[in-house]
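Just below is one structure, and these are the notes that go with it.
The values are calculated or read from the model by the stated rules, or taken from the named source; none is laboratory data. Everything numeric here is computed off the predicted structure, so don't read it as measured data. A quick note on method: Cβ atoms are made from the backbone with ideal geometry, for glycine too, and the neighbour counts reach across all protein chains shown. Heads up: the accessible areas ignore ligands, DNA and RNA and are worked out on the full protein's heavy atoms, side chains in. Shrake-Rupley method; radii C 1.70, N 1.55, O 1.52, S 1.80 Å.
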Amino acid sequence: MAVFAGGVPWRWLGLAGLVLTLSLEAVARYVRGRRRPLCEVLFFPVPVTCPEPALSPGLSCPCPLPHTDSALSRLLRRILAAQRSLELCVFTVSCAPLARAVLQLHLRGVRVRVITDSDYMAASGSQIGALRSAGVIVRHNQTSGFMHHKFVIMDRTVVMTGSLNWTMQAIHTNKENVLISDDQTFVKAYLEEFERLWEEYDPATYDFFPDKDQK
Ligand SMILES: *[C@@H]1O[C@H](CO)[C@@H](O)[C@H](O)[C@H]1NC(C)=O
Ligand SMILES: *[C@@H]1O[C@H](CO)[C@@H](O)[C@H](O)[C@H]1NC(C)=O
Ligand SMILES: [Zn+2]
């Protein structure tokens with residue numbers, strides 16, 4: 001081993017440096033790949049609490065309701081975390097705090113698309129009109145058979161789905177569940193279903209007006 005005669009050659013130090021860099025990179029890639037998947041389940045009903053801490057963080061609210069965390073505030077925060085897109089496919093939307101969260105995203109410039117059931121769109125308490133008048137694009141089923149889905153996709157990376165009707169009654173009295181996941185297999189499947197329904201419910205293909213054939 002004559003190479004050691006004059007001390008450690010520079011060439012070897014360079015090689016060691018390279019090996020170190022490569023292995024640090026491999027470790028970083030491993031850690032990134034093993035990022036903890038998002039899997040959360042929320043259960044309802046929850047007691048009535050003030051939605052303001054989730055909807056307007058940082059503002060103090062003087063209302064008499066408790067300002068504690070709940071499954072509803074967690075749901076609101078998840079929705080509000082969307083930065084680019086929100087696909088909402090729900091049977092009914094009459095829960096005002098949830099509608100406000102959707103509206104906030106729309107006003108912030110997030111691309112919001114809503115699919116809902118035609119029977120409940122204009123029912124008393126429905127928030128669909130408010131969303132529509134703010135400019136949110138809403139489509140609805142065009143054939144019988146409830147549009148009974150209840151899922152929402154954020155930024156094409158997180159899906160929330162479960163039994164929860166977006167109504168106050170469901171949130172505060174029913175036994176309901178919502179599962180939240182960023183598993184891309186699930187997200188992709190839900191996105192595909194959304195896109196399929198979005199096309200199927202395109203208003204350009206409305207065919208249920210009774211006088212259509214007489215025109
Ligand atoms: C949507 O589904 C509901 C529930 O089945 C039905 O009553 C309603 O007529 C459907 N809407 C249209 C436009 O077909
Ligand atoms: C879901 O909401 C609709 C419309 O408000 C209502 O008719 C239906 O009974 C609700 N479902 C449950 C399980 O509460
Ligand atoms: Zn309050």
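See the values below:
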{"read-out": "Karplus-derived HN-Hα couplings along region 77-94 (A = 6.51, B = -1.76, C = 1.60, θ = phi - 60°), whole Hz, x at Gly and Pro", "value": "5, 4, 5, 5, 6, 4, 10, 10, 8, 9, 10, 10, 10, 9, 4, 9, 10, 10"}
{"read-out": "Two-site label geometry, residue 13 and residue 189: point separation in nm, points 7 Å out along Cα→Cβ", "value": "5.7 nm"}
{"read-out": "Heavy-atom accessible surface of region 37-206: percent carbon and sulfur, 1.4 Å", "value": "58 percent"}
{"read-out": "The chain: calculated mean residue ellipticity at 222 nm from DSSP helix runs of at least 4, using -39500 (n - 2.57)", "value": "-11500 deg cm²/dmol"}
{"read-out": "Accessible surface, region 6-113, averaged per residue in Å² (probe 1.4 Å)", "value": "62 Å²"}
{"read-out": "Candidates 85, 23, 126: whichever shows maximal mean-square fluctuation once the chain is modelled as a Gaussian network with Cα springs under 10 Å", "value": "23"}
{"read-out": "GNM result for the chain, Cα springs below 10 Å: residue of 16, 28, 82 fluctuating most strongly", "value": "16"}
{"read-out": "Dimensions (Å) - the chain, Cα atoms, principal axes, largest first", "value": "98, 53, 30"}
{"read-out": "Derived scalar couplings ³J(HN,Hα) [region 33-47; Karplus, 6.51 cos²θ - 1.76 cosθ + 1.60; whole Hz; x for Gly, Pro]", "value": "x, 9, 3, 4, x, 7, 9, 9, 10, 10, 10, 10, x, 10, x"}
{"read-out": "For residue 137, residues with placed amide H under 5 Å, excluding near neighbours", "value": "114"}
{"read-out": "Probe 1.4 Å - accessible area at residue 146, Å² to nearest ten", "value": "140 Å²"}
{"read-out": "Dipole axis of region 1-139 (+1 Lys, Arg; -1 Asp, Glu on Cβ), positive-most option in 28, 72, 110", "value": "28"}
{"read-out": "Computed over region 37-206: relative contact order in percent, which uses C-alpha pairs under 8 Å that are six or more apart", "value": "28 percent"}
